[in-house]
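Structure, as structure tokens:
We did not get these values from a lab; they are worked out from the coordinates using the rules stated. Just so it is clear, the structure is predicted and the values come from calculations on it, not from any experiment. Cβ coordinates were reconstructed from backbone atoms using ideal geometry, including for glycine residues, and neighbour counts include every protein chain displayed.
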């Protein structure tokens, strides 16, 4: 049932051995394929064993699922885009998708826009408190941890610390906040992210609440997820026991701590933008936008941007062609068309060749709009898109201003 | 259905940015960021984000073509190569010339120069790098021992003063402009010389020296003179790491600053500001490109900037030096491979001694010992020409005369991926495989060697460039010297005769994201991001000053031709436009050529924005669209080089640098005539009553 | 000295606000001449693109006129307009263009006087705000 919680472990010794925690996600993927519940599973793999090069893989052979075991913190491939762009929105195939909260939220927003078929998807959510940007992470390991990046076999982000495990078994740890004050650490949008448990997926899996055991904590988040877990248990792919109230509490507490930290980063990042005077803001943003070279990288990467015939293309007559920076209408429309639905995936900032702080601006706007419209994007496929929908109730509001 | 992310490097410029191609069942269906790559970390410029747009174009060359009765007819490889071989066997060595490309791979380039020297017995081997970065070798080998970029792209972020000399870097190397923006965020200052107020001037530079075209040498002399007067030269560096200061100081003490002001058109206060900013910096970094090179005093310009770097001690440390910005995917590599009439592979100068070295390495006799002809000379003087991956009828100045010369040759072989303008004159056209259609290495701007893996099959019968040359060599009886069955085998031979490449292997490249910088003398050597840390590559290890006297451009405006015409590029297109004009998202940005005209000049000439105008020089004339703007100052006209139907090089002057033999495509005299837009005439007459 | 005269772009819906503007005219009610009207069938037609394009082109103020909620000729078009304007204001503020430059007003077909007052008041507001900062960037 939705809301059920389990402490789970893979029944497969090989998988359990290779996994960082309970090996549950890997076993569930195997189950999904072998039971033919799905046609394929979508997960992330370290290309050629390289932890800094995580790419999405579509797997149909259950024997190869084990290659995706373990968490890759130095990778952030664009899962929502992959499904929309290359898997025809999952309209032709059933897929189980391993996803972080931002991936799941991006998928849900695309479902709202009829670009992805939710019925064909089983979303296996992963708890997440952030990922590290690939190339800077290597430099950080080299300069701050003084290790060879290729010696790192595992990263852990927990309770404000970044702990790495090396090939020879030793561990090194640094304070995450210290690293982030220096410009290292997690991707910027990850620091601001306050949605760590993917309750918008079908199940949420993570290590909080396992208290050091080699297990995975599962929270069932939908009826589809409930059926999935029950069948997996029945078919003996995973073993489960009920978590005690202490475990559940500890998980809740950890989540709340991380949310507080995230809100602090939000305040800090947004304060510098909000505190400027009108003239200063204008100068600042026009200065930032003046570096734009019209690569369309942000537009391509954004899960919310789905228009096949984008209004900002050179042949649409809105933005004068051949100019850099493009006319100010370009960054304005880019922001305004997505701001009510930004899921804080940070893909836009990952791909900007001129380091424009797009994710910062758009998330800030999204939170302001979220307060007005009482909306959090990417949580519920049935929640209407704020700036693209109206309710009958509003017929009775006479004012030009509206507050929900 | 199998979908895979396959990593590769962008096919356009020399930054060498990583991208992931999305491949489904052997066909590229999309591209995604490759976030681990150290050059671009997942970001790409407009061209990079449309990297494979040109690859599947309908009009890719697919079959060998031979001209029969005036038209090109499809034929087999055997027939085409047999025909070429039979003709070449009749050619004397001095009458044959090979023009290789900045776009073919290292393996291709190596085989091409070997063919020219071993099979044809001549040093008449060149590549398009002659047209743009030949001054680097001519000026910087005497100055510091190498013309290659001295530091690496990531290290540019360390500089606290970046001097952009004649490089509109925001448009031509956006991912390097990013490094400079990052340096600026840490407090770095940016000096920029360019007669135009480009995107780089408007958004990146702090001090824009909007000097008169071609007056850079005078500017640098003035700057050094000021630095000396202020006592800001790096005396310790000069004493320990340079030679020739006495001659330079004596020369600088006689520099007339008032005269420099007049020549450059820059106020003295601004020259002083730039000079002091650069001299006082901890780590000054000069990045220069065509604004310096493409003059008939190109070598002098580069010499003088090298002087400036040495004078202020801004060389031999990371994020410093004088850095030539080669623009093409193998601009550095094809030069390293010896596609130059004065250099064998590894920049060993053509001589008896060098010939002996390669005779031993290749197991041959009688290699040519005298320098060959340079690129432009070849076009006019030789009867047998082989041109790969380039178009002299678009890329060389005074195109009308180039075409006349080419019409007279006995054999013109063109090897390319698209039917280019020059193919229209060719006797034989051969279809080449490109980019991810073959396994190959390229050497990017900061001596960064990376490997491109084969991802898709080439179209039709198209083959890798090296295969074509080796097959031709076989037809001419040299199979045993060109017995390569893979590019890997060629690379093994390359690294055994080019010491800088010795430690690089395909295996190492497969495991090293971002490639390896040469010099890399052994397989356990990590590569060399910055050169000259201890000493320069000159015989005495010192940097050498070379006194440069200012000479004005070859052709200045006069009564008949009152404007200076300059040429350049745009971010959305690439060189002669063969790839970008076939990529809709790029072609839509700028669909046709134009000429930038200043507001004052436009109003004087009665020209309005978008009018069709006739632009004329002593070489020829073109019709193009006027773009009225303040990007050019009064008296200056600008034409981009990308558009065959309004071709800049019809107009430019073949005034060649005497050392480097590159042409002054940045300055010539022009005039403008308005062609009244028919529509406007009709409206005007309607309003007249 | 040139006094700053605001250039205001107004999107008026055909059925209510445009009719009101007509009425103001036929009733000879005076109001400032600073508004350039664009008639749309419904205020719901006024997308973010239209409003932002007006600002990008240099409009000092943008006025959107629609029917009172409940009176929209197309039932709920004006409700969309309200949501969009509500969403745009934080954006304009964030990037340093005062959100007071964008105004939504419900003006019924019979409200000629209200139309004149709205235009008058809005023109004053814009005059006090000064020229659109985006104008500086145009050639």
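Figures for the structure shown
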{"read-out": "Tilt relative to chain A, helix A:101-112 - C-alpha long axis, 0 to 90 degrees, to 10", "value": "60 degrees"}
{"read-out": "Listed residues A:86, A:237, A:184, most fluctuating in chain A (Gaussian network, C-alpha, under 10 Å)", "value": "A:86"}
{"read-out": "Distance cut-off 19 Å, percentage of C-alpha pairs in the range B:126-229 lying past it", "value": "54 percent"}
{"read-out": "Inverse mean reciprocal Cα-Cα distance (Kirkwood Rh) of chain C, Å", "value": "15.0 Å"}
{"read-out": "Along principal axes, Cα extents of chain A, largest first, whole Å", "value": "61, 54, 41"}
{"read-out": "Mean projected area in nm² (Cα convex hull; one quarter of hull surface) for the range A:1-120", "value": "7.9 nm²"}
{"read-out": "Histogram of C-alpha separations across the range B:3-50, 5 Å bin width, %", "value": "5, 26, 32, 22, 11, 3"}
{"read-out": "Cα long-axis angle, helix C:77-94 against chain C (0 to 90 degrees, to the nearest 10)", "value": "10 degrees"}
{"read-out": "Tilt relative to chain A, helix A:245-274 - C-alpha long axis, 0 to 90 degrees, to 10", "value": "20 degrees"}
{"read-out": "Estimated inter-spin distance, residue A:277 and residue B:74, nm [label 7 Å along Cα→Cβ]", "value": "7.1 nm"}
{"read-out": "C-alpha center-to-center spacing [the range A:281-299, the range B:198-241] in angstrom", "value": "30 Å"}
{"read-out": "Average Cα contact separation per residue, the range B:150-324, under 8 Å, 6 or more apart, as relative contact order %", "value": "34 percent"}
{"read-out": "Approximate spin-label separation residue A:144-residue B:67, in nm, with each point projected 7 Å along Cα-to-Cβ", "value": "6.4 nm"}
{"read-out": "Cα gyration tensor, the range B:563-686 - rounded (a/c under 1.5), prolate or oblate", "value": "oblate"}
{"read-out": "The range C:43-89 versus the range B:475-510: alpha-carbon centroid distance in Å", "value": "67 Å"}
{"read-out": "Neighbour-count order for B:258, B:184, fewest beta carbons within 10 angstrom listed first", "value": "B:258, B:184"}
{"read-out": "The range A:140-237: relative contact order in percent, alpha carbon pairs under 8 Å with at least 6 residues between", "value": "14 percent"}
{"read-out": "Kirkwood hydrodynamic radius over Cα pairs of the range B:562-627, then Stokes diffusion coefficient at 25 °C and 0.890 mPa s, in µm²/s", "value": "184 µm²/s"}
{"read-out": "Rg/Rh for the range B:606-674, where both radii come from Cα atoms and Rh is the Kirkwood radius", "value": "0.99"}
{"read-out": "FRET E, pair residue C:74, residue A:397, Förster distance 22 Å, beta-carbon r, rounded to 0.05", "value": "0.80"}
{"read-out": "Beta bridges per DSSP with both ends in the protein assembly as shown, % antiparallel, nearest 5", "value": "50 percent"}
{"read-out": "Beta bridges by DSSP in chain B, antiparallel share as percent, to the nearest 5", "value": "50 percent"}
{"read-out": "Reduced Cα scattering model of the range A:341-383, Debye log10 I(q)/I(0), q = 0.13, 0.19, 0.24, 0.27 Å⁻¹", "value": "-0.32, -0.60, -0.81, -0.91"}
{"read-out": "Quotient of C-alpha Rg and 2.2 N^0.38 Å, computed over the range B:263-416", "value": "1.38"}
{"read-out": "Most mobile listed residue (A:360, A:274, A:37) in chain A, GNM with C-alpha springs under 10 Å", "value": "A:274"}
{"read-out": "For the range B:326-468, Kirkwood radius (reciprocal of mean inverse C-alpha pair distance, Å)", "value": "17.1 Å"}
{"read-out": "Gyration tensor verdict on the range A:276-395 (Cα atoms; rounded if a/c is under 1.5, prolate if a/b is larger than b/c, oblate otherwise)", "value": "prolate"}
{"read-out": "Computed E for residue B:2/residue A:249 - FRET, C-beta separation, R0 56 angstrom, nearest 0.05", "value": "0.75"}
{"read-out": "Along principal axes, Cα extents of the range A:243-305, largest first, whole Å", "value": "55, 32, 14"}
{"read-out": "Considering only chain A, percent of DSSP beta bridges that pair antiparallel, nearest 5", "value": "70 percent"}
{"read-out": "Length-normalised contact order of chain A in % [C-alpha pairs under 8 Å, at least 6 apart]", "value": "18 percent"}
{"read-out": "Residue C:36 versus residue A:310: modelled label distance in nm, points set 7 Å from Cα along the beta carbon direction", "value": "2.9 nm"}
{"read-out": "Cubic angstrom per residue, convex hull over Cα atoms of the range B:486-550", "value": "155 Å³"}
{"read-out": "Estimated [θ] at 222 nm from DSSP helical runs (n ≥ 4, -39500 (n - 2.57)) normalised by residues in chain A, nearest 500", "value": "-11000 deg cm²/dmol"}
{"read-out": "Mean shadow area of chain B, taken as a quarter of the surface of its Cα convex hull (nm²)", "value": "31.7 nm²"}
{"read-out": "Spatial separation of Cα centroids for the range A:385-404 and the range B:546-564, in angstrom", "value": "69 Å"}
{"read-out": "Kirkwood Rh, angstrom, the range B:150-324 [1 / mean 1/r, Cα pairs]", "value": "15.8 Å"}
{"read-out": "Along principal axes, Cα extents of the range B:7-90, largest first, whole Å", "value": "52, 28, 22"}
{"read-out": "Highest-MSF residue in chain A out of A:372, A:15, A:199 [GNM, Cα springs under 10 Å]", "value": "A:372"}
{"read-out": "The range B:57-113, Rg to Rh (Cα coordinates; Rh as Kirkwood inverse mean 1/r)", "value": "1.02"}
{"read-out": "The protein assembly as shown: C-alpha gyration tensor shape, a/c 1.5 cut-off, then a/b vs b/c", "value": "oblate"}
